[in-house]
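The values are calculated or read from the model by the stated rules, or taken from the named source; none is laboratory data. This structure is a prediction, so every number in the text was calculated from the model and none was measured. Reconstructed Cβ throughout: ideal geometry from the backbone, glycine too, with neighbour counts over all protein chains shown.
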Amino acid sequence: MNGIRRNTDPLKGPPDGVAADIQCAVTQFETDKEKQQRTIKGQATMPCTVYCSYNDGTVGVSIRGIDLQIDLLVEELIAIMQAGSEANRELTAPQREKYTDEELEKRWRELHALKWDEADSPSGSILAEAWWVFPRGVDLGDLSAWFGERHSLGIEHLNKLITRIE
């Protein structure tokens, strides 16, 4: 990526606008109208410029030499990225069917004896070390949700187990 530059011309964009020249992967599709399917015809790397305005909440991408720019709202881009992150977690996390309620309860009890670091995260606590199938740095809230989704009686049941043994 070449250096990020600020917009200095109000006719070319917002006052807080910035831009950077990058290489973009450009994908060309072809459609089989009979089967109503799209397939990738080819991909290439092309020089692009990415524009961003914090105040407008937008990101734009244009392929240099083509009179076309695609603009996205950052808010929508973040929502898409979060959905992609969730999909990745679901694909890479151990599958629910692998664990019995008994195994999950055993691990849940272990979880609360682990070392935690304070962090600027939703729960304020992250794993200090890798444990079981989770890497270091996983948020306590994410772990709770993971267990709750896999235990047949949910997170409320698991929390009651811990309350009883404390």
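Here the condition is being in a loop (DSSP other than H, G, I, E, B), out of contact with any Gly (no Cβ under 8 Å at 6 or more places or on another chain) and either closer than 30 Å to Thr45 by Cα or not assigned by TED's automatic domain parsing to the domain that holds Asp21 (or both); of Glu129, Glu76, Glu102, it holds for Glu129 alone. For region 112-159, filtered to residues that are closer than 18 Å to Thr100 by Cα and of a type in the set (D, E, K, R), the residue that is surrounded by the fewest Cβ atoms within 10 Å (Cβ to Cβ) is Glu156. Is it fair to say Val133 is in contact (Cβ under 8 Å) with a residue 40 or more places away in the chain and within 19 Å of Ser85 (Cα to Cα)? So Val133 passes the test. May I ask you to verify whether Ala25 is small (Gly, Ala, Ser), within 30 Å of Leu158 (Cα to Cα) and under 24 Å from the mean Cα position of the chain (by Cα)? In short, no.
Condition test on Ala113, is it touching a strand residue (DSSP E or B) at 6+ places or on another chain (Cβ under 7 Å), among the hydrophobic types (A, V, I, L, M, F, W, C) and not assigned by TED's automatic domain parsing to the domain that holds Ala25? No, not satisfied. The set of residues from region 42-60 being surrounded by 16 or more Cβ atoms within 10 Å (Cβ to Cβ) and over 18 Å from Asp16 (Cβ atoms) comprises just one member, Cys48.
I'd like to check something: does region 81-91 contain any residue that is over 30 Å from Ile162 (Cα atoms), of a type outside the set (Val, Ile, Thr) and part of a loop (DSSP other than H, G, I, E, B)? The answer is no; no qualifying residue exists. Residues of region 6-22 that are within 27 Å of the chain's Cα centre (by Cα) and among the charged types (D, E, K, R): Asp16, Asp21.
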